[in-house]
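Below is one structure, written out as structure tokens, with a few remarks after it.
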Amino acid sequence: MDAVVDVLVQYGYVVVFGWVFAEQIGLPLPAVPVLLAAGAVAGNGRLSVALVLVLAAVASLVSDTIWYWIGRVRGGRVLGWLCRISLEPDSCVRRTQRLFSARGARSLLIAKFVPGFSTAAPPLAGIVRMPVLQFLAFTGLGGLIWAGLFVGVGWLAAYQLEAVASYAERFGHGVGALAVAAILGYVAWKFIMRQRFLRKIRIARITPEELKTKLDGHEDLMLVDLRDSIDFETEPSIIPGALHMTTEELEARHHEIPREREIVLYCT
């Protein structure tokens, strides 16, 4: 515990800025424990709580701004790539777009608290061409709220957190090994569930090349474009003859899809 405190006292400001920036840029490095620890050290008077908070908020703002411009320049492909590397890529884009569509710029105030949305929200703001000043104001305030909550908790519970850390230290490496095992177990479970899901739906999938072959052969297909409205507005091109509707509209507009033809759905 003393070694951890010494590191935070000597390099705490650099650690907070670098760790928050790394997490928000997309690396799998959870920043919440670092913010809690920095807040606890600040609560004991060995760091400035105001400076810790400012550095965390600035690191978040810098990484968000980078992703905003990547999304603005590269378009929807960025969001697809981010979600493909997540553990739930099939729902990542849809969840992100729904939350963003429902709340707009205000969603940036809570983005840091929603798993998967934190990194995806800034490029999505760039994709939909949110005004730069509006983006900076909302994402900056959101980062400040996020960092302030965890730094504040660490500051208020400085004594309790230090006692917990000392208690864990007495048990040696066993506690750390247990925590690592729990994290790895969760990741493995999500991966297994995803693979089982993919196996179930693989038989119903068709590749773009197979679809083109069918269309070139003039097979009687009904194509349904299920892209979200944000995706469609960003790239309004559509396969000739396809019917566009969002997944939310399926129940109300299902009668527009003829049942006597082979149906192909696509959403990317």
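The values are calculated or read from the model by the stated rules, or taken from the named source; none is laboratory data. Quick caveat, the model's predicted, so the values are computed rather than measured. Every residue, glycine as well, gets a Cβ built from its backbone with ideal geometry; the counts of neighbours run over all protein chains shown.
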### Counted residues, region 117-148 - those being part of a helix (DSSP H, G or I) and surrounded by 16 or more Cβ atoms within 10 Å (Cβ to Cβ)
22
### Filtered residue count, region 92-116, keeping only those that are at pLDDT below 75 and part of a helix (DSSP H, G or I)
13
### Query
Do we find that T247 is modelled with pLDDT under 80 and not small (G, A, S) in this structure?
yes
### Message
Tally up the residues in region 10-48 that are more than 19 Å from P122 (Cβ to Cβ) and among the charged types (D, E, K, R), please.
### Response
1
### Any pair with Cβ under 8 angstrom, 6 or more apart, that starts in region 101-115 at a residue that is surrounded by fewer than 16 Cβ atoms within 10 Å (Cβ to Cβ) and ends at one that is of a type outside the set (A, V, I, L, M, F, W, C) and at pLDDT 85 or above
none
### Message
Quick check on region 37-65: of everything there that is surrounded by fewer than 17 Cβ atoms within 10 Å (Cβ to Cβ) and either in contact with an Asp or Glu (Cβ under 9 Å, 6 or more places away or on another chain) or at pLDDT 85 or above (or both), which residue is farthest from S107 (Cα to Cα)?
### Response
N44
## Note on the structure
Within region 212-264, residues being in a helix (DSSP H, G or I), free of Cβ contacts under 8 Å to residues at least 60 places away in the same chain and under 30 Å from A125 (Cα atoms) number 7
